[in-house]
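In what follows, a structure is listed as structure tokens, so that the remarks can point back to it.
The values are calculated or read from the model by the stated rules, or taken from the named source; none is laboratory data. For clarity, every value in this text was computed on a predicted model and none was experimentally measured. All Cβ positions, glycine included, derive from the backbone under ideal geometry; neighbour counts span all protein chains shown.
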Amino acid sequence: MTNRRLVPPVATEPHALDDLRAEVRDFLSDQLARREICRQVDSWLTGWDEDFTRALAARGWLGMTVPVEYGGHGRSHFERFGVTEELLAAGAPVAAHWIADRQIVPSLLKYGTEIQKRKYLPAIANGQCYFGIGMSEPDSGSDLASVRTKATRVDGGWSVTGAKVWTSGAHRADTFICLARTTPVDPTQRHSGLSQFIVDLRSDGIDIRPIISMNGQHHFNEVLLDDVFVEDDMVFGEIGNGWQQVTSELSFERSGPERFLSTFTLLAETAEQMRQETLPRHCDLGRYVARIAGLHQMSTAVASALERDEPADTAAALVKVLGTSTEGDISDFADLLTGDCTADQVEYQTMLNDAIVQRPGFTLRGGTNEVLRGVVARGLGMR
């Protein structure tokens, strides 16, 4: 094992965001009081509410890191992190803009052309453009290098054919970034020959098929692409550089507070039910609060590294492994604690039921924890 620091240092004043956080909390309290929104578990995946997204945009809380010249607000990753934590802690319905604001914005700023930045960044910041992710494929699991979707050069652009799966919100989104193979696979260099394309999900040749969850809800989809035309202007980044680009994107996907706050509303309400003595008190509550506090610090450190444009792949993978495990453990804790002694609140029962249904996916999405443990081990120089 090397002596390198696994989690980067936090280089920001911990109370620097107190005023901003208070502003967001006041806004959310008003929204909850007027029943414009309700608290949800896993709200960044299941809480699709375009009206709420536009309300955030009106406050300047979307596209926060987008430069002003592209319709954004020119604020820091650290400020965006603070707003995001408050939204997730409250269980606010942020799914509509989540992928676009979390992942697409930094990717466009890093790899996008001027045409692409001008077209998409102002729309994202205004809450008027919703993105999906076209990475995973049927029968591939977390092995992105096994991508079989193909993009073939045609006059004026590319023809894309293949299938993507677990595409959250694709049935409502406008666009997704699709990972495809642009040269035949070389068994000795499986990560080469991959490229990314910005694909309009209303294009001819696209068939979006729902994947229904156990509770009957529809968040995921399979997207089939049959000779879908993508013009040259919508090639994302460089042809053949897809693997490097995807790896960069995954640091934003894996390290954020959504990787440990998906069940925070359930934990907070469990504590409230204990205070009201409608649930028995249990010492494990303190253990989970402590785990959340530690994960907050780790995730903040990764956000600081991304702010400094430092690599954080290994630290992001660690946050994802520990965070999603904690989310699932909180679900189990609340479920076992409740037992036959049900709290007399419909909202609490709804959150608990949703957490139980969503629990299997926590450690799968964004790369399975089994795969990410290998990422962490390699990052530590372990063999």
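Miscellaneous remarks
- Just one residue in the set Glu277, Glu370, Glu310 is more than 30 Å from Gly216 (Cβ to Cβ), under 24 Å from the mean Cα position of the chain (by Cα), exposed (fewer than 14 other Cβ atoms within 10 Å of the Cβ) and among the acidic types (Asp, Glu); that residue is Glu310.
- Only one of Arg287, Arg308, Arg275 that is of a type in the set (Lys, Arg) and modelled with pLDDT of 95 or more: Arg287
- Residues satisfying the stated conditions in the range 260-275, i.e. farther than 13 Å from Ala334 by Cα and part of a helix (DSSP H, G or I): Arg275
- Count of residues meeting criterion [in contact with a Gly (Cβ under 8 Å, 6 or more places away or on another chain) and of a type in the set (Asp, Glu)] in the range 9-54: 1
- Among all residues of the range 15-38, there is none that is within 20 Å of the chain's Cα centre (by Cα) and of a type in the set (Gly, Ala, Ser).
- Test result for Thr65, touching a residue at least 60 places away in the same chain (Cβ under 8 Å) and either surrounded by 23 or more Cβ atoms within 10 Å (Cβ to Cβ) or in contact with a helix residue (DSSP H, G or I) (Cβ under 7 Å, 6 or more places away or on another chain) (or both): no
- Checking each residue in the range 124-146 for being of a type in the set (Asp, Glu) and within 13 Å of Arg181 (Cα to Cα) picks out only Glu137.
- Flag for Pro360 being modelled with pLDDT under 85 and either more than 24 Å from Ala92 (Cβ to Cβ) or exposed (fewer than 14 other Cβ atoms within 10 Å of the Cβ) (or both): no
- Matching entry among Ala16, Ala11 (being modelled with pLDDT under 95, closer than 20 Å to Arg59 by Cα and not basic (Lys, Arg)): Ala16
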